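Notes for the one structure printed next.
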Amino acid sequence: MTTPRSTLALPGRGCPSYIRIVAHGGIAVLYQAPLDPSMNVELGTAEGRTVHVFCVGRSACGAVACNERILAFYMDQGVLSGPRPDCEALCAFTLGGEVDFGYFSGLEDPPVDIFDCYCACFVAPDVVGFMGPIFEQNETDFPYVLLNLSTRRQTVHPTPIALDNPRALTWDGQAVIVYGPDHDRNGFYRWIPGAETVQKIGEYDGRLRDGGHGRFLEVRPDGCAILTFQPRELTPPSPPHSPPPATSR
């Protein structure tokens with residue numbers, strides 16, 4: 001894997017699924033199907049030196065990183081019946097591989113009862129936004145949750161049906177951009193939390209993952225590419241634990 005200053009040799013742990021920039025220019029690599037399930041994250045320096053190898057759980061399906069934390073999120077089989085940390089839905093780790101806290105066990109507010117975490121991205125240095133399904137009154141909803149990793153408080157925003165079952169998301173400074181909801185698997189939709197309507201802003205046929213700061217990461221057979229929307233001034237979202245807006249469902 002090529003970095004701005006070197007080539008980082010990945011030691012054959014499987015196919016890298018997520019590559020993230022962490023504190024001080026470091027690189028975090030998550031292997032979604034590692035050859036050794038007990039070692040599925042590798043942390044290296046931009047100079048190409050491996051610093052830590054550790055495990056964030058066997059059902060991890062994605063990860064985002066910011067400053068001194070890696071946030072892993074998990075598939076439904078781990079959330080519903082797996083051991084910790086898989087059963088947490090989301091779990092924050094230090095760059096040394098230690099658990100900081102889990103979403104279900106370490107939150108100061110009542111957690112949203114999601115049974116899968118579909119996508120997540122950092123919207124501020126200590127605030128992550130994520131979406132996942134919850135089942136209530138014979139229907140499945142996909143709330144957008146803003147989680148402050150420092151205070152362990154959250155704000156839950158109901159979302160329009162047009163954003164259900166997203167493939168990836170990012171934050172452009174003022175709004176959420178969702179990629180590939182159920183009804184339009186190649187569409188990009190911009191939504192301001194609290195609004196009842198969404199705006200379609202483009203289409204793309206690719207395999208995209210969460211990027212943050214108006215970006216998506218595309219995984220290609222020969223590497224990765226970054227797709228960037230014209231960034232707005234990066235404004236933190238409303239502080240977690242503000243009153244939730246009225247539902248648009």
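Read the figures in this text as sums done on the coordinates, not as results from a lab. Model, not experiment: these values are computed from the prediction. All Cβ positions, glycine included, derive from the backbone under ideal geometry; neighbour counts span all protein chains shown.
A few comments on the model shown:
- Ordering of 117-124, 100-107 by packing [mean C-beta count within 10 Å, highest first]: 117-124, 100-107
- Residue order, fewest to most beta carbons within 10 Å, for Leu163, Leu146: Leu163, Leu146
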